[in-house]
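Each reported figure results from applying straightforward, stated rules to the coordinates on display, with no laboratory input. Here the structure is a predicted model, which means the values were calculated and not measured. Because the Cβ atoms are built from the backbone with ideal geometry, glycine has one as well, and the counts that use them run over all protein chains shown.
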There are 2 protein chains.
Amino acid sequence: METPYIRVQKRIVKENIQRMQDDANKQGIALRPHCKTHKTPEIAFWQLEAGAKGITVAKISEASVMIEAGITDIFIAYPIVTDDKIANVIALCKKATITLAVDSVFGAKKLAEAAKREGMVLNVRLEVDTGLNRAGARSEKVIEVAHSIHNDPHLYLDGIFTFKGAVVEEKSTLDTSAAGEDEVSRLQQYKARLTEEGIPVPVISAGSTPTARAVSKTRNVEEIRPGTYVYNDAMQYKLGVCELSQCAASVVVTIVGLHDDRLAVIDGGSKTFATDIQPDQNPLRLNGFGIVSGHPDAVFLRMNEEHGIVQLGENHRLNIGDKIEIIPNHICSTVNLHNHFYVEDELGETTKIRVAARGCLQ
Amino acid sequence: METPYIRVQKRIVKENIQRMQDDANKQGIALRPHCKTHKTPEIAFWQLEAGAKGITVAKISEASVMIEAGITDIFIAYPIVTDDKIANVIALCKKATITLAVDSVFGAKKLAEAAKREGMVLNVRLEVDTGLNRAGARSEKVIEVAHSIHNDPHLYLDGIFTFKGAVVEEKSTLDTSAAGEDEVSRLQQYKARLTEEGIPVPVISAGSTPTARAVSKTRNVEEIRPGTYVYNDAMQYKLGVCELSQCAASVVVTIVGLHDDRLAVIDGGSKTFATDIQPDQNPLRLNGFGIVSGHPDAVFLRMNEEHGIVQLGENHRLNIGDKIEIIPNHICSTVNLHNHFYVEDELGETTKIRVAARGCLQ
């Protein structure tokens, strides 16, 4: 294989999938993995075969790829507010069981109008903010948005969901247990308020890779939606939610230049590795743009588009032409940069797999 | 068109292409644009039709896409050091006029061995470092690498080249004239040293978008290789090398959420916009992750994978469902995130074009 390329170790992926599934099963919680990490139907089927209830995606175009591959139960965890997208998603609802996200009265009305025209009832979930200040109805708006869904005969409110990540009191944290417990407690408060209003909340869906275990341990949610756990990355390692040996995907690069004996130029830069998780930021304090496997004293210092600069340790024996492997800081956005990846099984056999939903941004 | 998508204004692209070509023509310098920005044969042909001598690419896979589209003169400005890539590039040399980059004795030997086996003479250029400390033979190695090329009957040394960017005395600068003049002066010193050694240097190739004008003005190079100028971006605007009205490409996004009246959630994040050029860094001090067109008081504050957060100005009249346009900080790595872009001509007609060399990293 020519570098740079993503190498995925099948055994580790399967173990990661099984471990998360076992955890969810033990607590009696459904697992609906987010496919934003692998963007690949093949891997989604491994998750479903292990026992996942369905899948989660961010965009309609991703859902479309997954449905074409034969997946039938999909939650699109993203507010859909424009006419063209609503038309597209309604077409998908006729092919598979789709759950839609809503976080505004505007969004609820738009979906309801379209559903009415089609004579359908759409299955929707209300996204609530739990401290990330991103998508999700804010606390003071939740009741209003929930009523606009609940009161419409063309929408069925199947529950509430959130994405929180490792955040406590609106700040990033390394305490993923605290973040997960806080997530569930906020969702339970929302559920209580909605129940008081006479609005049933059948499902609470929460939990990303850092918080999923703490969330399911509470047994106060019906579903978790972690994504990154399937591969893991340097960020998850630093968050303490995986071992380095549980990182299933790395980028293999070639040293194309070596200067001053220690400064290696590699054939991957910002078009090969994600740069959305920067080094040296609190609380993760990542050391460089990835972890160089087997070379603990090497630091991935900087990148341009097609070049990376790695400072090698003092006693390295590497030279121009040698390959090294780097576990990226953020595997999800790294995978989205690659057309293919290579899965290596226990016998060392390698299969080239297309990242079929790569670049599905719409 | 569904958001997020890249909107390219044809008139501005054509003007950008013509302006750079006119500048080069006036100085009698060849223009060989770098296609890493657009990664699209259609745009490369616009550059060639305007008078470009040939094109530059970073990777063999990009060259391959361009050759398939019918382009015949390509400089691959990247050291090729592995057997598999050398085999691939030799196959391309049989289909088009290819110039190869070398910056190490190792690389020169590898290419020479392959050329000998094939009974060919490969056209190579020596990459020299001019202060970026990236690829390029360092000063003390240049003579040795040059001899290894010059002495080999299967390699023809057609000249030297560099990539420097807006750097003076190894630090990023806003003084693009000083950076360009320094670039040429260093290359002239290398040429003088090589000439003393009896090694002819027919071509000096230099100049990226920030430095190209200063470089060609010296008339002491034979060729410039700017790339970003074709579209321009927030970074080039801050560097002072273009006006905002000369930014030809923007990302159109939809506001999917609006909180506290001013915090807009947009449907593009780090899988839609490049994050390799971070805000608030010296010397550019970019204000956010892009420039929101027509809303000078809006700030593109942060991103996750599929979400962006834009703080709108106090008197905005935007709402959920509205579209806004953002000029990215770095258009090259942004384009590489998209499968397609939409070119709008003067009559408002829109054509969907595939980014054919997207993800060509090998």
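Structural remarks
- Proxy reagent accessibility, fewest Cβ within 10 Å first, across B:GLU223, A:GLU325, B:GLU144: B:GLU144, A:GLU325, B:GLU223
- Taking a ≥ b ≥ c as the square roots of the Cα gyration tensor eigenvalues, region A:11-230 comes out oblate, since a/c reaches at least 1.5 and a/b does not exceed b/c.
- Built amide H within the under 5 Å cut-off of B:THR99, gap 5+: B:ILE74, B:PHE75, B:ILE76
- Inter-chain Cβ neighbour count for B:276-283, averaged per residue, equals 2 (cutoff 10 Å, partner chain atoms only).
- Comparing Cα centroids, region A:327-357 and region B:26-46 end up 32 angstrom apart.
- Counted residue by residue at 0.36 nm each, then reduced by the alpha carbon distance between them, the extension gain from A:ASP297 to A:THR195 reaches 31.2 nm.
- Of the residues A:THR173, B:THR99, B:THR254, the one whose Cα sits farthest toward the positive end of the charge dipole of the protein assembly as shown, with +1 on the Cβ of Lys and Arg and -1 on the Cβ of Asp and Glu, is B:THR99.
- Residues of type lysines that B:LYS95 reaches as a straight line, Cα spacing below 25 Å, ignoring anything fewer than 8 places off in the same chain: B:LYS36, B:LYS39, B:LYS53, B:LYS59, B:LYS85, B:LYS109, B:LYS110, B:LYS116
- Shortest-first distances to equivalent copies, position A:LYS94, nm, label 7 Å out along Cβ: 5.1
- Chain A's nearest residue to the axis relating it to B, judged by Cβ and reported with the distance in whole Å, is A:THR275, 2.
- With Cα atoms, 0 to 90° folded angle of helix B:10-27 axis to chain B main axis: 30 degrees
- Across peptide B:65-78, the mean count of Cβ atoms from other chains lying within 10 Å of each residue's own Cβ comes to 0.
- 5 angstrom amide H check on A:ALA30, placed H, neighbours 5+ away: A:GLU223, A:ILE224
- Förster-model FRET efficiency, 25 Å R0, A:ASP345 and A:ASP322, C-beta, rounded to 0.05: 0.55
- Among A:ALA91, A:ALA44, A:ALA166, residue whose mean-square fluctuation peaks in a GNM of chain A (springs only between Cα atoms under 10 Å): A:ALA91
- Calculated FRET efficiency for the pair A:ASN282/B:ASP22, C-beta based, R₀ 41 Å, to 0.05: 0.25
- Taking 0.36 nm per residue of separation and subtracting the Cα-Cα distance, full extension of the segment from A:ARG354 to A:GLU170 would add 62.5 nm.
- Whole-angstrom gap from region B:199-238 to region A:229-256, using each part's C-alpha centre: 38 Å
- Relative to its residue count, the protein assembly as shown spans a Cα convex hull of 149 Å³ per residue.
- Counting Cβ atoms of other protein chains within 10 Å of each Cβ in A:252-259 and taking the mean gives 6.
- On the beta carbon distance between B:GLU15 and A:ASP260, with R0 = 41 Å, the FRET formula returns roughly 0.40.
- On full extension, the segment bounded by A:ASN151 and A:ASP84 gains 21.7 nm, given 0.36 nm per residue less the C-alpha separation.
- Oblate is the label for region B:6-64, because the ratio a/c of its alpha-carbon gyration tensor axes (a ≥ b ≥ c) is 1.5 or higher and a/b is not greater than b/c.
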